[in-house]
Amino acid sequence: MEIKKVLFATNLKEPTYNLFEGLLRIKRIGLEEIILLSHSPSDDLRERLSKHGINLRRVEGLGSLVSRILDSAQREDVSLIVANLKREKGGFFRGSIAKSLIRNTHLPLLIAYEDGKETSRPKKGIFDTVVLATDWSAPAQRALNYIMVLKDIIGVLDMVYVLNEKLTVRDIRELKVRLDHIRKICLGEKIDAESHIYAGKTPEEILLAAKDYKATAIVMGTGSKGTIKEIFSGSASYRVAEKTSLPVLIIP
């Protein structure tokens, strides 16, 4: 699988487009064009991308930003949506652009927040050090499958399993065996991978792991359309995307 087209959308009035630097590595796995859903790009930005063999094209749309993103992604047949957003105030239950995108996208979605200014974020590639959340669910498996798509551009992969309940010694032993099996699969694909077990509330522990391993991105799977319980409590992917300052790649 290749990633030939990326839709880049932002609601920032004056985006820095710093995130583009982290996207350039996707060229290794087929990136040919970035479709921009925002203000007209500068000639300098076009020239920088052109030097890497990447075309930049601007599109427009009608309706809310979420509608424009989803409609444009379908119309342009992109492989990945990148949403570079201004962090919204009001908390999780107020709702947000990020939450709406996560709930409604059928495509991989990379969410990154920016305040429109230069940040202290390390000048690294987005996929230099990746934390992958896993729990053996179907969404987690889809996230792992997507990691294999990105294998040529990932530096280090830290797989994190979060315990939410007490396990027996035998259960923990079996958990470690399963994690080691996945790690060996990743190593076989030339991905420098390690596995870790955390205990506590899933979103908080994933954020802690990202801090512990100096992650440059977090990758998580998410289910299609939440249950009533998920809508009110918020899935782990929603929570992590809302709270972290790192780019979060959501795989539906």
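The values are calculated or read from the model by the stated rules, or taken from the named source; none is laboratory data. Here the structure is a predicted model, which means the values were calculated and not measured. In this analysis, Cβ positions are derived from the backbone assuming ideal geometry, glycine residues included, and neighbour counts consider all displayed protein chains.
Quick notes on this structure:
- Only one of the numbered conditions (1) crowded, with 20+ Cβ neighbours inside 10 Å; (2) modelled with pLDDT of 90 or more; (3) part of a helix (DSSP H, G or I) is not met by Leu7, and that is (3).
- Any chance Gly125 is small (Gly, Ala, Ser), surrounded by 15 or more Cβ atoms within 10 Å (Cβ to Cβ), farther than 30 Å from Asp171 by Cβ and modelled with pLDDT under 95: yes
- Matching residues, the range 10-34, being over 19 Å from Tyr113 (Cα atoms) and not in a helix (DSSP H, G or I): Gly30, Leu31, Glu32, Glu33
- Annotation note: Cβ proximity below 6 Å between a residue of the range 172-192 that is in the same structural domain as Ala140 (by TED's automatic domain parsing) and a residue that is among the β-branched types (Val, Ile, Thr) (sequence gap 6+ or interchain) occurs for Ile191/Ile154; Asp192/Val156.
- Criterion: assigned by TED's automatic domain parsing to the domain that holds Ala98, under 25 Å from Ser100 (Cα atoms) and surrounded by fewer than 19 Cβ atoms within 10 Å (Cβ to Cβ) - qualifying residue of Arg28, Arg48, Arg75: Arg75
- Residue under evaluation Val240, criteria (1) at pLDDT 90 or above; (2) not in a helix (DSSP H, G or I), criterion not met: (2)
- Residue in the range 86-108 that is under 30 Å from Glu174 (Cα atoms), modelled with pLDDT of 90 or more and in contact with a helix residue (DSSP H, G or I) (Cβ under 8 Å, 6 or more places away or on another chain) present: no
- The set of residues in the range 51-72 being in contact (Cβ under 8 Å) with a residue 40 or more places away in the chain and either loosely packed, with under 15 Cβ neighbours inside 10 Å or among the aliphatic types (A, V, I, L, M) (or both) consists of Leu65, Ile69.
- Considering the range 39-88, the residues that are polar (S, T, N, Q) and over 14 Å from Phe20 (Cα atoms) include one that is farthest from the chain's Cα centre (by Cα), namely Ser40.
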